[in-house]
Structures are given as structure tokens and as C-alpha cells.
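Peer 1: Got a structure for you, questions after.
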């Protein structure tokens, strides 16, 4: 097809040496759904997962915070009609962008963190 930007969407994802891996790159057609998988080898204490998006020319934004401790995920100002997430295991999760449009093209990545109760100061 001549106009690839209206036909296919590329959702690029980061993978580094931190023990967190995710889908490298997705090519999808407009109107389709894209699901990104994320997993880590840090252990069950790292049960919190964050999904970020950076669109071309924009700053990075947190779309959703997920955790195995809650069934409801925190999407903040983002719509659950556009995005969904699944976090049924501590070491993995998925993030989905629904009904793709050209404006969804960007960099998407997950990050994980360990739950900590050490937010108090000691002497």
C-alpha cells in the first residue's frame, strides 16, 4: 500500500539488561488491537508494573499502574475504552491499545518495582 502510515502502526518497545523483557516491536493495521507482553526475572517481590508511552515529539507519560494486589488498575486520566492491562502474575503482565489509529504510533514500555514499606525515616 502507498500510504503505510494510515495502514500500519508501529508500536516500539524497549528491552534492556535489567531483567525486564517485553515485546520488541509490533506492526498492526488501523482499527486492530495491539497487545504488549512484559515479564521480568526479579522475583515475586516485584509485583508492581508501570506502562509508559512516548509519542513522537512528546514527553513520556505513565498510562497505567498495575499490581497483583488489586484487581482495579490505575489509568489516571487515560480511558479504559482505549487501553487495558492484565496483571495476574507477579512476574508478568500485558498492556493493550485498542482500535489503533495513526496517532497511537510511539514508544511503549513497562517498568517494574518492588513493594516497600520502608518509606519512613529512622534515626
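Peer 1: Can you name every one of the strands (runs of 3 or more DSSP E) wholly within segment 5-123 that holds 3 or more residues which are modelled with pLDDT under 85 and in contact with a strand residue (DSSP E or B) (Cβ under 8 Å, 6 or more places away or on another chain)? Don't jump to the end; show me each part of the working.
Peer 2: On the way: elements: 8-13, 20-22, 25-29, 34-40, 48-54, 61-67, 83-89, 92-97, 106-113.
Those strands (runs of 3 or more DSSP E) span 8-13.
Peer 1: Give the residues of segment 34-55 that are touching a helix residue (DSSP H, G or I) at 6+ places or on another chain (Cβ under 9 Å) and crowded, with 16+ Cβ neighbours inside 10 Å, sorted by residue number. Let's see the steps before the verdict.
Peer 2: Filtering segment 34-55 down to residues touching a helix residue (DSSP H, G or I) at 6+ places or on another chain (Cβ under 9 Å) leaves 34, 53, 55.
Across segment 34-55, the qualifying residues are 34, 53.
The values are calculated or read from the model by the stated rules, or taken from the named source; none is laboratory data. Note that this is a predicted model, so its numbers are computed, not measured. FYI the Cβ positions are ideal-geometry reconstructions off the backbone, even for glycines, and counts take in every protein chain you see.
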